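Take a look at the structure set out below.
The numbers here are math on the coordinates, done by the rules we state, and not lab data. Keep in mind that what you see is a predicted model, and the values were worked out from it rather than measured. Heads up, the Cβs are rebuilt from the backbone with ideal geometry, glycines too, and the neighbour counts pull from every protein chain shown.
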Amino acid sequence: MNLNEVYQILYDEYGPQGWWPINNKYSKGDYSIPRNEKEEFEIILGAILTQSTSWKNVEKSLDILRKNKLIDRNKLEKIEETELAKLIKHSGYNNQKAKKIKEYLKFNKEITRETLLEIWGFGPETADSVLLYAYKKPIFVVDAYTKRIFSRLGVEGSYEELQNLFHTSLTKDYKLFNEYHALIVEHAKQHCKTQPLCESCCLKKICLFKS
DNA sequence: GGCCAGGCCGGTG
DNA sequence: CACCGGCATGGC
């Protein structure tokens, strides 16, 4: 199992993914996103809202925030947490997520993995998503899909162990990390589901999973 | 109608 | 350290 080989297979199968989606649009092959602070902030909001939640539901919340011109730190600071919770209810866990957004708005330290993890509601995946997709840092994002796909390929490990494997096996390039994580998500959605569709899977030749 | 979604927190053993 | 329940809503 070679991580570069897996990447090539997934890229050949699905092509560029255009992450992170801004305004519900995927700009495939364009790694200049975010282009400004507003896009950067939208990514951070999305990273919080998508915690254990499908992106479809997140889009609904982001649409509502956008219509109310609330993709804006200063404006979000002015509204009540309970009011914010109502606006984002479609993406689930809305009371917690409203608190998480408010906690993030208070954050005023130098942005590092360590300081982001101090924010209530920011675990490793959210912190790493912000570093990679909002700030273009070459930090690999591990998620439940990554763990599922690679455990079936024969690689088990904790968050940190898996991340370390990617960091040591791949060129530290944020564009590569951006695309790779997005391809993992797409592959997990299309084939490597809880109940996997192995017949049509592009990785079946190197996969250990047998149903 | 049940299962699952681009997690994290707080508590327990 | 590993595991668990709670958190909420909508798509399929």
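Quick check: anything in the stretch A:25-40 free of Cβ contacts under 8 Å to residues at least 40 places away in the same chain and among the aromatic types (Phe, Trp, Tyr)?
Yes: the stretch A:25-40 contains one or more residues that are free of Cβ contacts under 8 Å to residues at least 40 places away in the same chain and among the aromatic types (Phe, Trp, Tyr).
Filter the stretch A:79-95 for residues that are farther than 14 Å from A:Leu45 by Cβ, within 12 Å of DNA strand C (Cβ to nearest atom) and part of a helix (DSSP H, G or I) and give the result.
A:Glu81, A:Thr82, A:Lys86, A:Lys89, A:Asn95 - these are the residues of the stretch A:79-95 that are farther than 14 Å from A:Leu45 by Cβ, within 12 Å of DNA strand C (Cβ to nearest atom) and part of a helix (DSSP H, G or I).
I'd like to check something: does the stretch A:105-114 contain any residue that is within 11 Å of DNA strand C (Cβ to nearest atom), more than 24 Å from A:Gln190 (Cα to Cα) and not in a helix (DSSP H, G or I)?
Filtering the stretch A:105-114 for residues within 11 Å of DNA strand C (Cβ to nearest atom) gives none.
Looking for residues that are within 11 Å of DNA strand C (Cβ to nearest atom), more than 24 Å from A:Gln190 (Cα to Cα) and not in a helix (DSSP H, G or I), one finds none in the stretch A:105-114, hence no.
I'd like the full set of residues that are β-branched (Val, Ile, Thr), farther than 16 Å from A:Ser54 by Cα and under 11 Å from the mean Cα position of the chain (by Cα), limited to the stretch A:122-145. Step through it out loud before you land on a result.
Restricting attention to the stretch A:122-145, the residues satisfying the condition of being β-branched (Val, Ile, Thr) are A:126, A:130, A:139, A:141-142.
Now drop any that are not farther than 16 Å from A:Ser54 by Cα, which leaves A:130, A:139, A:141-142.
Scanning the stretch A:122-145 gives A:Val130, A:Val141, A:Val142.
Among the aromatic types (Phe, Trp, Tyr), within 25 Å of A:Trp19 (Cβ to Cβ) and free of Cβ contacts under 8 Å to residues at least 24 places away in the same chain: does that describe A:Phe140? Give the steps one after another, and end with the answer.
Numbers: among the aromatic types (Phe, Trp, Tyr): yes; within 25 Å of A:Trp19 (Cβ to Cβ): yes; free of Cβ contacts under 8 Å to residues at least 24 places away in the same chain: no.
Here the answer is no, as A:Phe140 does not meet what is asked.
If A:Tyr93 satisfies all but one of (1) of a type in the set (Ser, Thr, Tyr); (2) within 19 Å of A:Pro21 (Cβ to Cβ); (3) without any contact (Cβ under 8 Å) to a residue 60 or more places away in the chain, what's the number of the condition it fails?
(2)
Residue by residue through the stretch A:78-131, note down the ones that are of a type in the set (Lys, Arg), surrounded by 15 or more Cβ atoms within 10 Å (Cβ to Cβ) and within 12 Å of DNA strand B (Cβ to nearest atom).
Quick first cut of the stretch A:78-131, residues of a type in the set (Lys, Arg) only: A:78, A:86, A:89, A:97, A:99-100, A:102, A:106, A:109, A:113.
Then drop every residue that is not surrounded by 15 or more Cβ atoms within 10 Å (Cβ to Cβ), which leaves A:89, A:97, A:99-100, A:102.
Passing the criteria: A:Lys97, A:Lys99, A:Lys100.
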